[in-house]
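*Asks:* Mind looking over this structure? Questions follow.
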Amino acid sequence: MAVSAPPAGVLGMGPDPNWIDNFTTCIFKQDYDTAREVLRSAIARGASTHLAEQYAKVLEEFLTKRDEVENPVALARFEECVVRETSSGQGRGLYVPSYQTWGAQLWKERPLAYIQSPGSRKCVQVCCACLVPVGSLASQLKYMNLEPPPGSEKILLSTYPDEVCPDGFCPGQVIACDGNDCSEVFCSQSCRSWALSESSHAILCKGRLGPKSWSALQSLELLAIETDSEHLLLLAHHVACMTLARRSGQSLEAVKDRFASQFASAPWDSLAGADDSDTPEERRRCMSCAIPLLETIFEAEDLASGLLDSELLSNILGTFELVNMCISLPHPLNSHADVADYLTEELAEALAKMQEPLQSDSESEPETEQPTSPWASARQGQLFENIIGTALCEALAFTNHSCLPNCRIEFATASQPEAKGPGLWLYSVTRRPLVPGDEVLMAYVPSVVGQPLQVRQRKMQKFGFTCHCRTCETDRVLESEPVPVVTSSGYPQP
C-alpha cells in the first residue's frame, strides 16, 4: 500500500542548484556510485518527481550497459527487483534497476511454504490458508478450552467492519475443511478451495493422508515441540509444496532449484549454536528421527521420493535458519473495544497464562506505561498475542539487512485488499525513494530501527547475527573517534 511522500523541502532546504551538472559529470566519468548519491541527495532535498524520474532513467540506462559487461546475469527477477551478486562480495542481494518513488510496492508474493507455530496453534484458531483468526470471542475461548461468558458470541472476528467486508468474507465465518475428520478451518470458501488444491494442505489434510501417514505427521509435530524446532514441521509442509510442483509437471531439478538450491544454505547441523543443548550431534539426532517420519508421511506420494534425500533436507533446514521470515499478524480481538466487557479478571488471567510462551523477549524499555494486569491489557487492546508463524519467501530470502532500512515488509490475509487472492501474502514497500542500482534493504528485527548502536547489536545477537551494515559501521567509527573539545572562540581545542 503506497504512502504519501513528504512535501518538497521537508528533508532539506532545496537541492543543490548544480546537482544536475554534478550528476552528469559523474555519469561521464562512469562514477555511477557518486552519481547515485548526487541524485539521492537531490531527491531528499526536494527535487521534483519529474526530474528525479528523468535522471534516474539516465542512470538506469548507464547501469544496464555496465551490467551487460561487468555483471551480466540477473539471477532472478521479482517484479520491480532483480537478484544480483552484491558488490561487497557477501553473497546475493535484491536491487532495483529503475527509480522507485516513496511508498512504491517492489514485489508481492505468497511464501513458498509457511505454518502457524505450534505454540500459537494452542492459543488461537486461524484460517489454515491465510492465518487470519476466525469465529467469535466465544469460539476462540472454546478452542482454548475456556468457558465463554454469556454474550461473547456477539464479538465476531473480522479484519473489516461489516459494511465494507468483501464478498465471501463474513465476520465470524468459520468454514470447515471437507476432509474426513480434518479439524482445520477456513475464513472463506475461496481460501478452502485454494488450500485443498494449491497449498501444503492439499497433501497434508487429515482426510487425504492414510492413518499411518497422519500419525507420522502428528509425531513430527511433537518432535518439533519437544526440540523447540518448528522448522522440522515446516519441512513437511515445504516437501508437500515441492510435491505439488512435481504434480504440476515441473522437473525434479527445477523444483529443487526453486525450493532449495537457489537460496543461501548450509547443512543444518553445521549451524548449531553455542548452547550446550544445541549441538551438531543433537541436530543430527533430530534429523535421524525426522527423516523416517517424513518418509512415512509421503509414502503414498511417488513424486516425493526424490525430495527426501537426507542431504537435501538438511540443507533446506539450513536455509530456513538463515533466511526464513517470522510471521506476526495482529489479533483482531485487540481492536474490539467491547472485549473487556465480557471478560472477568479470572478469565483474562487464564488467557494471559496460556499465551505466556508467545510473548516476545524484548530487551528494549517500554515506551509507554504497561498495563498492570491481564484485564487492564484487555481494556487497552493488548491482551491477545499476535499470530506467530514462520515462512520461506523467495524475494525476501534475497533481501539483506540494514539498521536503516529502505523498505518495509507487510503481510496481507485473504480478505484484505492488498492480497492478490486467497492465502497469505507478503509484499515490500519502499520507505524512501530508491534510485537505479540501489540495494533493497530491510530490518531483520524491526525494533532495532532508531536505537543506539549497543542496543541494535544486542538485539541482533539474540538472533545469532552480528550486524555490519553501513549504519552500524559508521556508528562504530564515530564512537572510536574522540569528540573534539570546542573552545570559546568556536575552534576545536588542539
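The values are calculated or read from the model by the stated rules, or taken from the named source; none is laboratory data. Note that the structure is predicted; figures quoted are calculated from it, not measured. Counting neighbours? That spans all protein chains shown, and the Cβs are built from the backbone with ideal geometry, glycine included.
*Asks:* Quick check on region 327-342: of everything there that is among the aliphatic types (A, V, I, L, M) and over 18 Å from Gly119 (Cα atoms), which residue is surrounded by the fewest Cβ atoms within 10 Å (Cβ to Cβ)?
*Replies:* Looking at residues that are among the aliphatic types (A, V, I, L, M) and over 18 Å from Gly119 (Cα atoms), I get Ala337.
*Asks:* Still on this structure: Please give the number of the condition Ile409 fails out of (1) within 30 Å of Phe62 (Cα to Cα); (2) touching a Phe, Trp or Tyr at 6+ places or on another chain (Cβ under 6 Å).
*Replies:* Of everything listed in (1) within 30 Å of Phe62 (Cα to Cα); (2) touching a Phe, Trp or Tyr at 6+ places or on another chain (Cβ under 6 Å), Ile409 misses just condition (2).
*Asks:* Run down Glu311, Glu349, Glu321 and say which single residue is without any contact (Cβ under 8 Å) to a residue 40 or more places away in the chain and assigned to a helix (DSSP H, G or I). Explain how you work it out, then say what you get.
*Replies:* Numbers: Glu311 fails: without any contact (Cβ under 8 Å) to a residue 40 or more places away in the chain; Glu321 fails: without any contact (Cβ under 8 Å) to a residue 40 or more places away in the chain.
The unique qualifying residue is Glu349.
*Asks:* So, restricting to strands (runs of 3 or more DSSP E) that lie completely within region 64-170, which ones have at least 1 residues that are of a type in the set (Val, Ile, Thr) and modelled with pLDDT under 95?
*Replies:* 81-85
*Asks:* Then there's this: Could you tell me which residue of region 162-221 is surrounded by the most Cβ atoms within 10 Å (Cβ to Cβ), considering only residues that are closer than 21 Å to Val134 by Cα and basic (Lys, Arg)?
*Replies:* Arg192
*Asks:* Now a separate question. For region 278-289, check the following and say yes or no: at least one residue is within 27 Å of the chain's Cα centre (by Cα) and hydrophobic (A, V, I, L, M, F, W, C).
*Replies:* Looking for residues that are within 27 Å of the chain's Cα centre (by Cα) and hydrophobic (A, V, I, L, M, F, W, C), one finds at least one in region 278-289, hence yes.
*Asks:* I've got another one for you. Considering only residues that are loosely packed, with under 15 Cβ neighbours inside 10 Å and of a type in the set (Ser, Thr, Tyr), look in region 436-476 and name the one that is nearest to Thr34 (Cα to Cα).
*Replies:* Among residues in region 436-476 that are loosely packed, with under 15 Cβ neighbours inside 10 Å and of a type in the set (Ser, Thr, Tyr), the one nearest to Thr34 (Cα to Cα) is Thr474.
*Asks:* Then there's this: On the basis of being assigned to a loop (DSSP other than H, G, I, E, B), at pLDDT 85 or above and surrounded by 11 or more Cβ atoms within 10 Å (Cβ to Cβ), does Gly12 make the cut?
*Replies:* Values: assigned to a loop (DSSP other than H, G, I, E, B): yes; at pLDDT 85 or above: no; surrounded by 11 or more Cβ atoms within 10 Å (Cβ to Cβ): yes.
Judged against the criteria, Gly12 is not a match.
*Asks:* Taking the options Glu299, Glu253, name whichever one is free of Cβ contacts under 8 Å to residues at least 24 places away in the same chain, out of contact with any Asp or Glu (no Cβ under 9 Å at 6 or more places or on another chain) and not small (Gly, Ala, Ser).
*Replies:* Glu253
*Asks:* Which condition does Ser219 not pass, out of (1) assigned to a helix (DSSP H, G or I); (2) in contact (Cβ under 8 Å) with a residue 40 or more places away in the chain; (3) closer than 23 Å to Ala76 by Cβ, if it passes all the others?
*Replies:* With (1) assigned to a helix (DSSP H, G or I); (2) in contact (Cβ under 8 Å) with a residue 40 or more places away in the chain; (3) closer than 23 Å to Ala76 by Cβ applied to Ser219, the lone miss is (3).
*Asks:* Follow-up question, since we're still on this one. List the residue pairs whose Cβ atoms are under 8 Å apart, where the first residue sits in region 385-408 and is more than 15 Å from Ile115 (Cβ to Cβ) and free of Cβ contacts under 8 Å to residues at least 60 places away in the same chain, the second is part of a loop (DSSP other than H, G, I, E, B) and of a type in the set (Asp, Glu), and the two are 6 or more positions apart or on different chains.
*Replies:* As it stands, the answer is Asn406/Asp438, since those pairs meet every condition given.
*Asks:* Taking only region 414-469 into account, find how many residues are β-branched (Val, Ile, Thr) and more than 18 Å from the chain's Cα centre (by Cα).
*Replies:* Matching residues across region 414-469 total 3.
*Asks:* Now for a separate question. Would a scan of region 234-244 turn up a residue that is over 18 Å from Arg285 (Cα atoms), assigned by TED's automatic domain parsing to the domain that holds Asp309 and outside any helix (DSSP H, G or I)?
*Replies:* no
*Asks:* If you don't mind, there's one more thing I want to ask. If I filter region 249-270 down to residues being under 23 Å from Thr86 (Cα atoms) and assigned to a helix (DSSP H, G or I), which single residue comes out as modelled with the lowest pLDDT?
*Replies:* So, considering only residues that are under 23 Å from Thr86 (Cα atoms) and assigned to a helix (DSSP H, G or I), the one modelled with the lowest pLDDT is Ser261.
*Asks:* Output the residues belonging to region 24-46 that are more than 33 Å from the chain's Cα centre (by Cα) and of a type outside the set (Asp, Glu).
*Replies:* Thr24, Thr25, Cys26, Ile27, Phe28, Lys29, Gln30
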